[in-house]
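First up is the structure itself, then whatever we jot down about it.
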Amino acid sequence: MLKQYLQFKLSQKLSPQQIQLMKLIQLPTQAFEQRIKQELEENPALDTGKETKDEDTLEEFDNSEDEYNDNDEINTEDINIDEYLSDDDVPDYRTRANNYSADDEEKSVPYAAGTSFTQHLRNQLSTFRLSDEEYEIAEFLVGSVDESGYIRRSLSDIMDDLAFTQNIFTTEDAIEKVLSKVHQLDPAGVGARNLQECLSIQLHRKEKYPDVELACDIIDKAFDQFTKKHYKKLLHKFDITEDQLKDAIEEIERLNPKPGGSYAGNNRTVEHVVPDFAIRIVDGELELTLNGRNAPELHVSREYSNMMKGYKEAKDKSKSQKDAVMFIKQKLDAAKWFIEAIRQRQQTLFVTMSSIMNYQKEFFLTGDERNLKPMILKDIADEIEMDVSTVSRVANSKYVDTPYGTKLIKEFFSESMTNDQGEEVSTREIKKILEMVIEEENKKKPLTDEKLAKILKEKGYPIARRTVAKYREQLDVPVARLRKKI
């Protein structure tokens, strides 16, 4: 039997322009500047800087939706050039963003050429007496050193590579002998195959004071017990006092676990965070500004507008001219949309951050994380009547400069739990209190997760031990045994 059903389905699809706007909202300041630069390169109808209008030469056209074909002329009477020109109205939040000006000269900071880390090591090889083969092996070993200063590959792999790539047939013992020379290079510890070897190399290069000799023995003979902080076993093994052990551990703690990172010529790209917003306290009130780099001055090219005007005034309109005017109209439309999208981006960013600032007003006035209120994306989305995904795009990639440092906006969001008074408190508040309890603990007898849970319960936060463990891990705090100090 054949049955028929009538089903209504309501679906909403985003237009390409809406998708592009969402992408623009998601971009942080530096990536946004790159996006503007790209658009300026791709669309000649878009210009930067403040536009000066010439009312005498401005012609009015109405926007046309007519499609061009071979038989019809484009009706330029229906295209309004005014729609493509910049507006003199400047949003209030844009005038308050005073830490960047469009007139500022763009300066690029040159990088010092310097010497690479590998070249720095290779230059030192000339100070050793090495045969030609040994020198080639040493160069290969130096080329295998990573940014941290380690050689992470086994000697057997290196031996195979030397045979296949350098046509050098040697033994692991011969490579080990050359590696001992590499271990004498600066910075101390370079070329080590693991942390134990790295620390040992550095200690054996120091003057042999009693503390250093004991530290060498601990690293060479009891490294596993040292890393697990089994101090009682170390005291018994080496028959030493607590003070002697403490002095030796202090010697070890002064060592560099990543010798490659200490080399000044090791040029690495450092990502600089550019705050998208700034919050300041003025006369006891919060003041929010949007970074001026998020509010560029853009307008539609006057030259392109004049091209459209010239086509209208031309008596003979050839097919090539018609094709040209369609291209011009397309670029003008794209420029106008991009300018409008940037305006909407500015407004969305400012409205969203303003709502977050007001929601967390007590925190921004005091800087105390215990004053952070529970806040989820939906709280802000409902308040500003926008979609949760829009708020998420702002929060996940934007930074705000506060009197207490530069913060990632998503850090202000947290779930809530109920304390023993029946009040909703932020999980961030609990984490802060947990952090303070751990800081104040006796490091000779660090608190276990079970004891931490008990203390938090006494403070009015009844949470389980496994929740304490989760929060502790999120704070990047090790277990009690690894927090122990002699």
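The values are calculated or read from the model by the stated rules, or taken from the named source; none is laboratory data. It should be emphasised that the depicted structure is a prediction, and the values quoted were computed from it without experimental measurement. When we count neighbours, we look across all protein chains shown, and the Cβ atoms used for this are built from the backbone with ideal geometry, even at glycine. Only protein heavy atoms, including side chains, enter the accessible area calculation; ligands, DNA and RNA are left aside. Shrake-Rupley method; radii C 1.70, N 1.55, O 1.52, S 1.80 Å.
At pLDDT 80 or above, open to solvent by 20 Å² or more (accessible area, probe 1.4 Å), within 30 Å of PHE350 (Cβ to Cβ) and part of a strand (DSSP E or B): is that true of LYS407 in this structure?
yes
When you check LYS3 against the structure, is it farther than 21 Å from VAL394 by Cβ, open to solvent by 80 Å² or more (accessible area, probe 1.4 Å) and modelled with pLDDT of 70 or more, yes or no?
So LYS3 fails the test.
Where residues in region 276-308 are open to solvent by 10 Å² or more (accessible area, probe 1.4 Å) and of a type in the set (Ser, Thr, Tyr), which of them is nearest to the chain's Cα centre (by Cα)?
Checked region 276-308; the qualifying residue nearest to the chain's Cα centre (by Cα) is THR289.
Is one or more of the residues making up region 370-381 at pLDDT 90 or above and either assigned to a helix (DSSP H, G or I) or not aliphatic (A, V, I, L, M) (or both)?
There is at least one residue in region 370-381 that is at pLDDT 90 or above and either assigned to a helix (DSSP H, G or I) or not aliphatic (A, V, I, L, M) (or both).
I'm checking my understanding of the structure. Among residues of region 29-52 that are outside any helix (DSSP H, G or I) and open to solvent by 50 Å² or more (accessible area, probe 1.4 Å), which one is modelled with the highest pLDDT?
So, considering only residues that are outside any helix (DSSP H, G or I) and open to solvent by 50 Å² or more (accessible area, probe 1.4 Å), the one modelled with the highest pLDDT is PRO44.
Restricting the search to region 454-486, which residues are among the small types (Gly, Ala, Ser), over 33 Å from the mean Cα position of the chain (by Cα) and assigned to a helix (DSSP H, G or I)?
Matches in region 454-486: none.
Quick check on my filter: what residues within region 151-210 are open to solvent by 20 Å² or more (accessible area, probe 1.4 Å), within 19 Å of ILE137 (Cβ to Cβ) and not in a helix (DSSP H, G or I)?
Listed by number, the residues that qualify are ARG152, ARG153, SER154, GLN166, ASN167, PHE169, THR170, THR171, HIS183, GLN184, ARG193.
Given the residues GLU271, GLU250, which is the only one that is more than 30 Å from LEU234 (Cα to Cα), among the acidic types (Asp, Glu), modelled with pLDDT under 90 and open to solvent by 10 Å² or more (accessible area, probe 1.4 Å)?
Answer to the check: GLU271.
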